[in-house]
Structure formats: C-alpha cells, structure tokens
Amino acid sequence: MREPTVYVVDDDPDMRDSLQWLMTTVGLSVSVFSSASSFLEEFAPKGPGCLVFDVRMPGMSGLDLYEELIARGDGMPVIFITAYADVPMAVRALKSGAVEFVEKPFNRQALLDRVQRAIKDDCERWKRLTERAALARRFALLTDKERQVLDLVKEGQPNKAISAALGITSRAVEMRRASLMGKLAVRSLAELLRLILEVESAGAGRKASR
C-alpha cells in the first residue's frame, strides 16, 4: 500500500501554505491545489489518503467537487473547511459523506487528529479493496468446468451428486475440486465456503453502495 497523501484544495494561498506546513510537521505527504479544476486534472489516487477542501471557492465549490468525486467512485474521506457556514451547507456536507465540517479559525492539533483518523479509516478501506481484488484474481483462474463443480459445492452437493449432475466420474469431480481449491488457496471445505461467502458479501456490498 502506498504512502497516504493529504490533498488540500483552497483558493487562499496563505491557507494552502499553512495547511501544507501543518501536514508536513507530522510527516504526512501533502499535495495542494488552488482550484477544483486543477485538482480534478491531476487527481488519480493510487493509495489511501484524505481530502481537505475549502467549501467556498470561485467556480466549483468544495461541496460540488466532492460530489463530483463520489459520482466518479472516488470516495476518499473528506474534511471541509470554511470561514463561515450555515445549517443547510453543513447538512449537505455531512450527507455527501464528509468526515468533518470545520470552521475557521480552527485548532491545528484538532484538525491533525481528524486528518489522521480519516487516513486510518481510508487505509482500512484500501486494505479491503486490495483483498477483494486478490480474491477476484484467484476466482478468475478457475475454468468453466471447475466453476460448475464450485456452484454445486455451494449448494451443498456431495461428490456423488455432483458426478451425476455433470455426467462425469467421481474421480473427475475430485480432480476438479482439488484443482479449484488449489487455485483459491484453501485446504478444506469450510475454508472454501467461507471464501465464497466473503466474495458474495463483497459483491452485495458494492451493489448496495451504488
């Protein structure tokens, strides 16, 4: 997993410099941008991080920017910063998925704590994504014949029933079953079933989040 990065978008150069300095004092990697458009041109996350957006900026606002990222599927945690806020703005920010909504002037240590908490959460998200991608690659190795056996194993069918259903010998079932378990790196039926449940629950989670 790559080093976490804090992405700061603020049209105020003094605030950008201040936030950049603040993040580097605790060893965080930070990239700063003066506008939403410049950020969108370069943003291509390859690892975990945290977004720190000014809410009110010329052109696209911080809220609009984050909603654009959500539409693209880039759900990195965001902390919004503003010089003045109203209730509708705060509600919209929180509904869009904001981790925090911070008003200026803010306590530097408190902001750092929030950023580091957001990064920790995003590291966990990236870990889950990495694990799911690894599982998907393992399942992609299965042949169509192995998938036929796997589908019947999922239904709780014993080898004899699988043999009858597919019109193959019990020995062929055993060979396909051993091959698919090897490709999926599991050693027992219990491990295989847990792996199947994990993949299916991950797929259901992705569908629910759309």
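Any chance the range 20-32 includes a residue that's farther than 18 Å from residue 115 by Cβ and either in a loop (DSSP other than H, G, I, E, B) or under 15 Å from the mean Cα position of the chain (by Cα) (or both)? No, every residue in the range 20-32 fails to be farther than 18 Å from residue 115 by Cβ and either in a loop (DSSP other than H, G, I, E, B) or under 15 Å from the mean Cα position of the chain (by Cα) (or both).
What helices (runs of 4 or more DSSP H), lying completely within the range 104-167, carry at least 3 residues that are farther than 30 Å from residue 5 by Cβ and charged (D, E, K, R)? Walk me through how you get there before you give the answer.
Values: elements: 108-140, 144-154, 159-166.
Ranges flagged: 144-154.
Screening 67, 42 for residues that are assigned by TED's automatic domain parsing to the domain that holds residue 113 and without any contact (Cβ under 8 Å) to a residue 24 or more places away in the chain leaves exactly one candidate, 42.
For every residue, the table says whether it meets (1) of a type in the set (S, T, N, Q); (2) at pLDDT below 85.
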| position | (1), (2) |
| --- | --- |
| 82 | yes, yes |
| 95 | no, yes |
| 99 | no, yes |
| 115 | no, no |
| 121 | no, no |
| 129 | no, yes |
| 134 | no, no |
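All conditions in (1) part of a loop (DSSP other than H, G, I, E, B); (2) modelled with pLDDT of 90 or more hold for residue 53, with the sole exception of (1). Do we find that residue 7 is within 25 Å of residue 128 (Cβ to Cβ), of a type in the set (Ser, Thr, Tyr), in a helix (DSSP H, G or I) and at pLDDT 85 or above in this structure? The answer is no for residue 7.
The values are calculated or read from the model by the stated rules, or taken from the named source; none is laboratory data. This one's a predicted model, so the numbers in the text were calculated from it and none came from an experiment. Every residue, glycine among them, receives a Cβ derived from its backbone with ideal geometry; neighbour counts consider all protein chains shown.
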